[in-house]
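Q: One structure is given below, represented as structure tokens, and several questions about it will come after.
The values are calculated or read from the model by the stated rules, or taken from the named source; none is laboratory data. None of these values were measured; they are calculated from a predicted model. Neighbour counts run over all protein chains shown; Cβ positions are idealised from the backbone, glycine included. We work out accessible area using only protein heavy atoms, side chains counted, and drop any ligands, DNA or RNA first. Shrake-Rupley method; radii C 1.70, N 1.55, O 1.52, S 1.80 Å.
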Amino acid sequence: MNQKILDEQVRSHLTAADPAARITEQELAASRERSLNIRTTEGNSSGEIFVVDSPEQSSTVVSLSAERQRRRRRWLTSVAAAAVLAALVAGDLVGLAGWRGSATAEAAEVLNTAAATAITSTDPVVKPGQYLRIRSTNVWSTEEWPEDGSKYQWLDTEKMDMYIPADRNEEWVWLRSGRMPTTFFDDKARKYVQEQSRQPHPETLRAPKGEFYGQPGGTLTNDMSTFPRDPYRLLNHIYIRTLGAGQSVDGEALVFIADLLRSGLVPADLRAALYKAAAMIPGVTIMEGQANLDGRTGVAIGRTEGTLMRQEIIIDPKTGQLIGERQVLTQDYGVMPAGTPISWTAVETSVSDTAP
């Protein structure tokens, strides 16, 4: 069967079974009861699902994970894996949330406490004529391979300042400082960058509805109203939206949550639901109790994906506010040592009376 057609069939099955659509509480309880025949080994974070036909039978392992080098690589690579996933849905198991374990108790406590705090917090009120201002510091890793076969690695930093009008159909303004090499791990890369005399290229972008670079920036913000606020249903919804992406279903779910939170546009009720949903993802744990990100300190909660890196979100547990998110190397990669945050974003929001 053509892989694209197969993926679409599985996506269709999952979408049809989205609990946010029409699953009743009675059906949900029945599904959870049947789900007791599905389990994973403790500590498994590879995306493997163990299907048990009955308690007396031995388990058959079907791997749903595939090696990737970047985000958004497809992991549904075998007919058998897709067939198992389709069978789970066809059997009224209604997605994957909640049946294969959850975050560690310590991580879940921090996330649920942050959720409780977030739900009582007040979002910035943007009045007509005003703007929601989202300031962020962004860091990315850069690699280059010149024709001589050399390899150079370093980190770039870019400051961003976005102004979103109260009426989000009006013009958005986005100030970008341009990427500037800021962190080097060896003199070879530093010299290489200096010889090229690299300079940032600042931009001031303007676009109705936030459609920068031809992309509908406002679509995500409008779409947030359709996200379920029940954490269980929300996590299922995320699993469905990220089908076929990432290295594992759980890893990509946390990446999706981190991407959504760092936008700075998530309302308090959805932010609380996202924290609670993250607490239901297997393999999520506290990575660092005092994590510093751009001068602010919070608790880093994340999940190790594969053997190379972990995805983290950093939360101020006192306020329930997201400080930012980052990806951290778990082993040496080229000249970059283990423990290096090779990608991170720190976010702050406020209200402005004017825009540039």
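Q: Could you work out how far the C-alpha centroid of region 126-162 sits from that of region 311-356, in angstrom?
A: That distance is 12 Å.
Q: To continue, here is another question. Considering only protein heavy atoms, with the full assembly of protein chains and a 1.4 angstrom probe, order His237, His201 by accessible area, largest first.
A: His201, His237
Q: From the square roots a ≥ b ≥ c of the eigenvalues of the alpha-carbon gyration tensor of region 132-260, which class results: rounded (a/c under 1.5), prolate (a/b over b/c), or oblate?
A: Verdict is oblate for region 132-260.
Q: Starting from the Cα of Lys127, draw a straight line to each of the lysines and keep only those under 21 Å, dropping any in the same chain fewer than 8 residues away.
A: Within the straight-line limit of under 21 Å, Lys127 reaches these lysines: Lys209.
Q: Which of the peptides 158-171, 250-263 is most tightly packed, and how do the rest follow, going by the mean number of other Cβ atoms within 10 Å of each residue?
A: Averaged packing, sorted descending, gives the order 250-263, 158-171.
Q: Sticking with this one: With viscosity set to 0.692 mPa s at 37 °C, what whole-number translational diffusion coefficient in µm²/s follows for region 233-281 from Stokes-Einstein and a Kirkwood radius over Cα pairs?
A: It comes out at roughly 304 µm²/s.
Q: While we're on this one: Sequence neighbours fewer than 8 away in the same chain don't count; with that in mind, list the lysines whose C-alpha is under 16 Å from Lys188.
A: Lys151
Q: For region 235-340, with equal point scatterers placed on the C-alpha atoms only and solvent neglected, what are the log10 I(q)/I(0) values from the Debye formula at q = 0.13, 0.15 1/Å, to two decimals?
A: -0.46, -0.61
Q: Moving on. What ranking do 111-123, 344-356 get when scored by the average of other Cβ atoms within 10 Å per residue, highest first?
A: Result, highest mean Cβ count within 10 Å first: 111-123, 344-356.
Q: Rounded to the nearest angstrom and ordered from largest down, what semi-axes does the equivalent ellipsoid of region 98-179 get from its C-alpha gyration tensor (root of 5λ)?
A: 34, 29, 10
Q: Follow-up question, since we're still on this one. Which cross-chain or sequence-distant (5 or more) residues have an amide H under 5 Å from the amide H of Gln130, H modelled 1.01 Å from N in plane?
A: Ala166
Q: Still on this model: If you take every residue apart from Thr120 with its C-beta less than 14 Å away from the C-beta of Thr120, what net charge results, scoring Lys and Arg +1 and Asp and Glu -1?
A: Net charge around Thr120: 0.
Q: Also: What part of the accessible area of region 230-319, given as a whole %, is carbon or sulfur when the probe is 1.4 angstrom?
A: 51 percent
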